[in-house]
Structures are given as C-alpha cells and as structure tokens.
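Data first, discussion second: the structure below is written as structure tokens.
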Amino acid sequence: MADAPVDPLPTPFAPGQTPRERAEAGAERARLTFRRLSGLDRSGPPPPETLADQPWHVWTIPNAIGFVRLGLLPVFVRSAWSGDGLGRRPALLFAVIAWSDYADGIAARLTGQYSRFGRLLDPLVDRLLVLAGVAVTWRFRLLPRGALGVLVAREAFMMGLVRFGLKRGLDVEVNWFGRAGVWPIMSAPYFAMRGARRIAHFCLFTGLPLGLLATWRYIRETRAQLRDRPST
C-alpha cells in the first residue's frame, strides 16, 4: 500500500527578513512544534486515521503503551487491596498509569502511528483507572461516598454513550470540560491514598462538576450529529 502524501513543510524564512526576524520566526516554529508534541496545542481536526471509517491498526507503539497501562490496573488494585488503601506503592502505581497517558500521545505524534483503536483505547484505560481509584477509595472510605457514586454513574454513562456512538459511526470530540476535569478527578484518589485528604477533596469537587459539564456537552454533540445525519 502506497504511503499517504505528506504536506510539505512551510518555508521557514521569507525573503527580505532581517536576522532578528529570522531568529524570532525560528523560535516561534520551535515553540509550536513543542506545543504540538506535548499536546498543549490541540487545534485543528483529528488525525484522519482515528475517524470512524478507518482501519483499527491495533499493533502500534502508542497502543503498546496503552496495553501496558491496562495491564498495570489489576496490579494497582491488588497492591491497594492488600493494605488499608494508603501508602506510597499503590499511589505510585496509580500515578504511573495516569501520567503515562501522556506517553502514548507523545509516541503517536512522534511516530505518526495514529489509529482508530488507539483513539478508543486511551479514554477506556482512563475511565477504568478512575473506576479502580474509586473502588479503592470507596472501600477504605478515603473520599466521600456520595461524590464517588456520582462519579461512577458518570463514567458508566460515558461508556454506554461511547458504545452507542461506535454502533452508529459517530465521531464525538473530547471537549474542553473533559480535558480540564480529567486531571483533578484522577488526582483525587492519588492524594487520598497519600493521606492528603484536603487536597483530595478539593480535586474531587473541582473535577466532578467539570466532568458532568463535559458529559452534557457530549450528549449535545451526539444528538447534533444524529440530527444532521442524512436520512437513508
């Protein structure tokens, strides 16, 4: 199969630029490249390889990282379950699984190995990690159970919504509320397992409203795509 055409890189310097202007232009290009690589700049459409009508392409480097993250989940739960839910080891495992979410994104951008499967695997692992953290903090009463119950209901609903969208070939983008809420929500179990209850409560009650707002936006986007779909 022939390689897809690659857009040529823009000319770094325009004719007539002074050395200072060239240096500033080069610095700007480097900054933008770093922002893209690190995921800080998410402007533009999603990679075409991740859309609903594309092949799954399971065996890629980013997906391998995702499988490692998935395999570490039961290790984390067992480590936390064997004690009282508090301690450095379970918290460290939780943090490694959470922060390695950046690793698969960077790997995809470095290698260009985007895939439909990866686009689905990454948020699935994130949601399973949140549910694993909820299970531990619920059992050992490290966080308010009422808020944890709302969080579980939200994650379960989102899994159902994703499945609904998959069956209908929908492409719903991650919205700003979802991106802003994921790290406070993931940080809450970590700080709870480290014994920092005030910080854990702050993270939970900051991330949970953002997660609920994100869910509302996902529902609106899903309904809009279904409404705008041409009838057959």
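The values are calculated or read from the model by the stated rules, or taken from the named source; none is laboratory data. Keep in mind it's a predicted model, so treat the numbers as computed, not measured. A quick note on method: Cβ atoms are made from the backbone with ideal geometry, for glycine too, and the neighbour counts reach across all protein chains shown. In case anyone asks, the SASA skips ligands and DNA or RNA and just uses the protein heavy atoms, side chains included. Shrake-Rupley method; radii C 1.70, N 1.55, O 1.52, S 1.80 Å.
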Tabulate in residue order the Karplus-calculated ³J(HN,Hα) for segment 152-166, using 6.51 cos²θ - 1.76 cosθ + 1.60 with θ = phi - 60°, rounded to whole Hz; enter x for Gly and Pro.
4, 4, 5, 5, 5, 5, 5, 4, x, 5, 4, 4, 4, x, 4
In what order, largest first, do ASP53, ASP126, ASP171 sit by accessible area if the probe radius is 1.4 Å?
ASP53, ASP171, ASP126
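Which whole-number value in Å² is the accessible area per residue of segment 50-204, probe 1.4 Å?
Numbers: 7930 Å² over 155 residues.
Result: 51 Å² per residue.
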Two pseudo-spin positions, 7 Å from Cα along C-beta at LEU124 and at ARG78, lie apart in nanometres by 2.2
Of the listed peptides 112-120, 185-193, 137-145, what is their order by residue-averaged count of other C-beta atoms within 10 Å, with the highest listed first?
185-193, 112-120, 137-145
Can you list the residues, at least 5 places off or on another chain, whose amide H is less than 5 Å from the amide H of GLN54, using H built in the peptide plane?
none
Accessible area, probe 1.4 Å, largest first, for residues PHE177, PHE164, PHE157
PHE157, PHE164, PHE177
Restricting attention to the alpha-carbon atoms of segment 101-175, what are Rg (one decimal) and Dmax (integer), both in Å?
15.0, 43
Could you work out the relative contact order of segment 118-232, using alpha carbon pairs under 8 angstrom and six or more residues apart, expressed as a whole percent?
29
